[in-house]
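First up is the structure itself, then whatever we jot down about it.
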Amino acid sequence: MSMINAANKRNLKVISSAANKALEGSHAKVEKMLDFAAVHKHRHRVTFVHPSHWLLSAKSSLPAKPDSAILRPAVSLGLSSFSVRHAHNDMVAPDFSHYRPRSTSSPELSSSHEESRGEDRKAMRSALAGAFLMGGAMSVKGIVHPIIQQWSPAANVLALAQIEINKSDVAPGTNRTFKWRGKPLFVRRRTQEEIDAAKSVDLNQLKDPEHDDNRVKDPEWLVVLGVCTHLGCVPISHQGAYNGYYCPCHGSHYDTSGRIRQGPAPLNLEVPEHSFEEDKLVVG
């Protein structure tokens, strides 16, 4: 404490000297007065003592290094005993009981509702799994659907995938040519003589044996593709040795049922899928 008192006296001298100089400089004849409240506050302030002074010998007049478990961390960090912050024990822990589920608020309720909690969690897991699966399925659909749609035929091709022909547009004993899927389509309305000639053929004489009843759905109507089975030429109707179809490119002769009778063609004319609906012929 002798060191502190000496320091305080020295500070008072400095303050008095500064006040005297200020009065002399202003040439004012004012009674020398000091703020004794400030002096009292300065005299009783806590003086910081650096820990390095604690390492001096015991004979020194400075205070010795305190032996306290609380101050040891402060000493190791170079702090004084007055800068140590003590822990408070008056802090109140927050109450989270309002946010707890009712089933876990007490041991009795927890044990009684354990089974229902398991069912609720199972239902929640199932709902989440179903939502994730639904989202994944929609994502896959969004990726795959445009790719498959790109591979699909164009709109103009789909429009020609099926055609309807009025029966009245084809007169008896005539042959009409239509365009179907980019190919010529022969629709022939046969007479009774042509029907009898097609049914009376011996199948053993045919290169591609096929009965006339298997090639037509109505004996009066013959529907075939107008593409020669040899090299893809278009035959001429009501021509040839059998008054059926004749391909002038390489001399293939077909009868009134579209079956190959002479020439290099190996197969009969193709019969597409078709059906009759009242007064219309639907092909495709």
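The values are calculated or read from the model by the stated rules, or taken from the named source; none is laboratory data. Computed from a predicted structure; not experimentally measured. Counting neighbours? That spans all protein chains shown, and the Cβs are built from the backbone with ideal geometry, glycine included. The protein model used for the area step is the full one, side chains on, heavy atoms only, and it has no ligands, DNA or RNA in it. Shrake-Rupley method; radii C 1.70, N 1.55, O 1.52, S 1.80 Å.
A few notes on this one:
- Residue tally, condition touching a Ser or Thr at 6+ places or on another chain (Cβ under 7 Å) and either more than 19 Å from L185 (Cβ to Cβ) or free of Cβ contacts under 8 Å to residues at least 40 places away in the same chain (or both), over region 266-284: 1
- Any strands (runs of 3 or more DSSP E) falling wholly within region 211-284 and containing at least 1 residues that are open to solvent by less than 70 Å² (accessible area, probe 1.4 Å) and within 17 Å of S200 (Cβ to Cβ): 221-225, 244-247, 252-254, 260-262
- The set of residues in region 189-210 being of a type in the set (G, A, S), outside any loop (DSSP other than H, G, I, E, B) and farther than 19 Å from L267 by Cβ consists of A197 alone.
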